[in-house]
Amino acid sequence: MEVLLRRVVRSEEGGVSATDSALSVDVITIGSAAANTIQLLGHAIAITHATLRPAGEGLRLRCARGQRVNVNSKPCSSARLEVGDQIVIGGHRLVVLAAPAGFDCALQLEVDPTVGPREYESSFRTDLSQTRLSARTLSWVFLGLALILGLFIPLHMVHRHREGLLSLRGLPDDALWSAGPLSHAHEHAAGRSCGQCHQQLFGAVTDEACKQCHRDTNDHVARPHRDLVSMGKPERCGSCHHEHLGEQFQQVMQDDRLCVSCHAGGAKTYAALLTQNVSGFGPGGLHPKFNVTLRKISPGDPDGKPYTQPLRTALEQSNLKFSHAQHLDPDKVTGRGGGAMSCSDCHVLDADSDRFKPITQEKTCARGCHELNFDVGATDRHLPHGNARDAMLVIEDYFTRKYVDPRPQTVKTVTRRLPDLDRVPSSEEALAPCSGPPLVCARSRAKAEIENQFIRRGCVGCHVVGDTKDEDVLNRFTVEAVRITERYFPDAKFSHLAHRVQEGVTGDKACEKCHGARQSTRSQDLLLPDIERCQQCHLDSQRATGMPLEASLGPHPAAHPVRKIITTQCTSCHAYHPAGVPSPQS
């Protein structure tokens, strides 16, 4: 039964206010108990005084045994009610109204303003003196139950857990001592086993207990560095990460003041660590310029040693020859679909959406482009990548078979331009004819192709090639290993996924907002935006709310389109606990 209940309240000044509420019940109960559909206070009202049930187009009133009400000023214990009938119960007035559309009945309730809480309490036994129970006896009984159920039994369960046994069904365990709900991550890891974290009874969780799971979590400052600046022992994990406050509480503190309180004067306080001052993220030098971590490659150390350098003057030493401008020019290079290449042809986001998958020759360059063909007559033959000597041996074996095998060779037609075959000279017709023995001609042709690959165009087109001038062509050329930096900012985090849409543009246009790839003609260019580019869209909370938009865009705001400023916190880019070894200092 759908019921519309209208509560009317009259103020002392004569004003009238009404509040409507919709109820969905089978039976309307009226009484002083809170469980009733309509609760009325007063000494003359029983716990369940009366009920209302549907009866045809009206309602049927029935009072509890020994109770009566006034219907249209006539006392009765039951009656059939129609629209307009009035019921008075202990001074409270109920009027049956015409039910609007969507409701089965409607009632208007006007509470007696003279009935107060005292009269409601007096109808119940609210003091032990009104019963036969003794306060002293009950106190001792409840104290004993509290000690047994709340201390001794849970303590016994703790010892069972430490012996590898489960809690006894139906009895309380140490979960009764919980101060509140756990976060989802800790609840999933520990469940109801409090001892996994609380290894000492009635003591705080120790750092050793935390590191049983968080093994890879490093201190904010490494121990050797703490000794350099006399920082002392680090704070306990629980001093920052509070538990038993539910999932709504953020365990990771993100207040910038936690960082700035130390780093604002870090250059002086932690001078031995070469720390720079950071007091915010906004214009005016609040945050230092970006430094990148690169690898310095030397002949005796092909992997290179990491070092830091200011971004504006940094150059990549990768031993790779590559031009972004050339590959993005549709007049020079076309993609697999026939049009211009796009950034996503080579740069594919990794699963973490922060970094990109490593670019390799097999998975990236060779897909329909640099297939490492070396003879127009056999476009299905490819050179192996990664070892120069193996490539030379393949060339030598190929031409040996080509000249020695008496069976005619099948010439495959080149249906499109291949980067690895568009060079001089690469075909047998461009070379002087050989009239010697087949094996001699094969070696001569192989030597010419090897020199073409490592001197003119081929391997040398992308790699740094060393020439030893050895008479044996197989020992003559070496290729420097390619070393591309995976993370230029190892102490920072960045989501490329969140930046794939910028100021209403997507795709390559979004990439070019930060990366000037179309103007880069050499692989040494890092193509990374400096801090001024980031601050065109990102500011800390103080600057984002307290600074006009024009001021946040630099000295020439008219040169910038109107942008929405995104509030950025320290933890948006940095983690309090470093992921690995701190980046080297320059």
**OP:** Evaluate the range 155-164: report whether one residue or more is farther than 27 Å from Thr275 by Cβ, small (Gly, Ala, Ser) and at pLDDT 85 or above.
**Re:** no
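For every residue, the table says whether it meets (1) of a type in the set (A, V, I, L, M, F, W, C); (2) more than 60 Å from the chain's Cα centre (by Cα).
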residue	(1), (2)
Asn70	no, yes
Cys76	yes, yes
Gly90	no, yes
Arg93	no, no
Cys105	yes, no
Original post:
Can you find a residue in the range 42-57 that is outside any loop (DSSP other than H, G, I, E, B) and closer than 18 Å to Thr114 by Cα?
Top reply: no
**OP:** Scan the range 165-194 and report the pairs whose first residue is free of Cβ contacts under 8 Å to residues at least 40 places away in the same chain and whose second residue is in a loop (DSSP other than H, G, I, E, B) and of a type in the set (Lys, Arg), with Cβ atoms within less than 8 Å and a gap of 6+ or a chain change.
**Re:** Ser167/Arg192; Asp173/Arg192; Ala175/Arg192
**OP:** Filter the range 198-228 for residues that are in contact with a Leu (Cβ under 9 Å, 6 or more places away or on another chain), part of a loop (DSSP other than H, G, I, E, B) and within 17 Å of Cys262 (Cα to Cα) and give the result.
**Re:** Val221
Subject >> Hey, Thr137 surrounded by 12 or more Cβ atoms within 10 Å (Cβ to Cβ), among the polar types (S, T, N, Q) and modelled with pLDDT of 85 or more or not >> reply: no
Subject >> The one condition in (1) assigned to a helix (DSSP H, G or I); (2) closer than 17 Å to Leu526 by Cα that Ile359 fails to fulfil >> reply: (1)
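One line per residue, one yes/no per condition, for (1) aliphatic (A, V, I, L, M); (2) within 24 Å of Arg226 (Cα to Cα):
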position: Cys240; (1), (2): no, yes
position: Leu245; (1), (2): yes, no
position: Gln248; (1), (2): no, no
position: Cys259; (1), (2): no, yes
position: Tyr270; (1), (2): no, yes
position: Leu274; (1), (2): yes, yes
position: Glu316; (1), (2): no, no
position: Phe322; (1), (2): no, no
position: Ala325; (1), (2): yes, no
Original post:
Counting just the residues of the range 229-238 that are in a helix (DSSP H, G or I) and at pLDDT 85 or above, which one comes out farthest from Tyr576 (Cα to Cα)?
Top reply: Gly238
**OP:** Would you point out the residue of the range 474-505, among those that are among the charged types (D, E, K, R) and within 20 Å of Cys537 (Cβ to Cβ), that is surrounded by the fewest Cβ atoms within 10 Å (Cβ to Cβ)?
**Re:** Glu503
Subject >> Members of the range 290-328 that are modelled with pLDDT of 90 or more, within 23 Å of Thr364 (Cα to Cα), among the charged types (D, E, K, R) and out of contact with any helix residue (DSSP H, G or I) (no Cβ under 8 Å at 6 or more places or on another chain) >> reply: Glu316
**OP:** Just give me the residues in the range 322-343 being assigned to a loop (DSSP other than H, G, I, E, B), exposed (fewer than 15 other Cβ atoms within 10 Å of the Cβ) and not small (Gly, Ala, Ser), in sequence order.
**Re:** Asp329, Pro330, Asp331, Lys332, Arg336
Original post:
Does the range 190-218 hold any residues that are of a type in the set (Gly, Ala, Ser), over 21 Å from Glu235 (Cα atoms) and surrounded by 14 or more Cβ atoms within 10 Å (Cβ to Cβ), and which are they?
Top reply: Ala190, Ser193, Gly195
**OP:** State whether the residues of the range 15-36 include one that is under 17 Å from Val95 (Cα atoms), among the charged types (D, E, K, R) and loosely packed, with under 13 Cβ neighbours inside 10 Å.
**Re:** yes
Subject >> Scope the range 306-343; condition under 18 Å from Val482 (Cβ atoms) and without any contact (Cβ under 8 Å) to a residue 60 or more places away in the chain; matching residues >> reply: His327
**OP:** Scan the range 408-465 for residues that are exposed (fewer than 15 other Cβ atoms within 10 Å of the Cβ), farther than 30 Å from Pro330 by Cβ and at pLDDT below 55 and jot them down.
**Re:** Val411, Glu429
Subject >> Selection within the range 95-114 - crowded, with 16+ Cβ neighbours inside 10 Å, within 15 Å of Ala55 (Cα to Cα) and without any contact (Cβ under 8 Å) to a residue 40 or more places away in the chain >> reply: Val96
Original post:
Can you tell me which residues in the range 217-228 are farther than 18 Å from Gly266 by Cβ and modelled with pLDDT under 85?
Top reply: Arg223
**OP:** Check whether at least one residue in the range 292-309 is closer than 15 Å to Glu532 by Cα and either of a type in the set (A, V, I, L, M) or part of a strand (DSSP E or B) (or both), and report yes or no.
**Re:** no
Original post:
If Leu383 satisfies every condition in (1) buried (at least 17 other Cβ atoms within 10 Å of the Cβ); (2) touching a strand residue (DSSP E or B) at 6+ places or on another chain (Cβ under 6 Å) but one, which is the exception?
Top reply: (2)
Subject >> Matching residues, the range 229-275, being under 22 Å from Asn291 (Cβ atoms) and loosely packed, with under 14 Cβ neighbours inside 10 Å >> reply: Lys268, Ala271, Ala272, Leu274
Original post:
Is there a residue in the range 255-277 that is under 21 Å from the mean Cα position of the chain (by Cα) and in a loop (DSSP other than H, G, I, E, B)?
Top reply: yes
**OP:** Take the range 513-543 and flag every residue that is in contact with a strand residue (DSSP E or B) (Cβ under 9 Å, 6 or more places away or on another chain) and free of Cβ contacts under 8 Å to residues at least 40 places away in the same chain.
**Re:** Lys513, Cys514, Cys537
Original post:
In the list Gly56, Gly66, Gly31, Gly15, which residue meets the criterion of being without any contact (Cβ under 8 Å) to a residue 40 or more places away in the chain and either under 25 Å from Ala101 (Cα atoms) or not small (Gly, Ala, Ser) (or both)?
Top reply: Gly56
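The values are calculated or read from the model by the stated rules, or taken from the named source; none is laboratory data. Computed from a prediction, not measured in an experiment: that's the story for all the values here. FYI the Cβ positions are ideal-geometry reconstructions off the backbone, even for glycines, and counts take in every protein chain you see.
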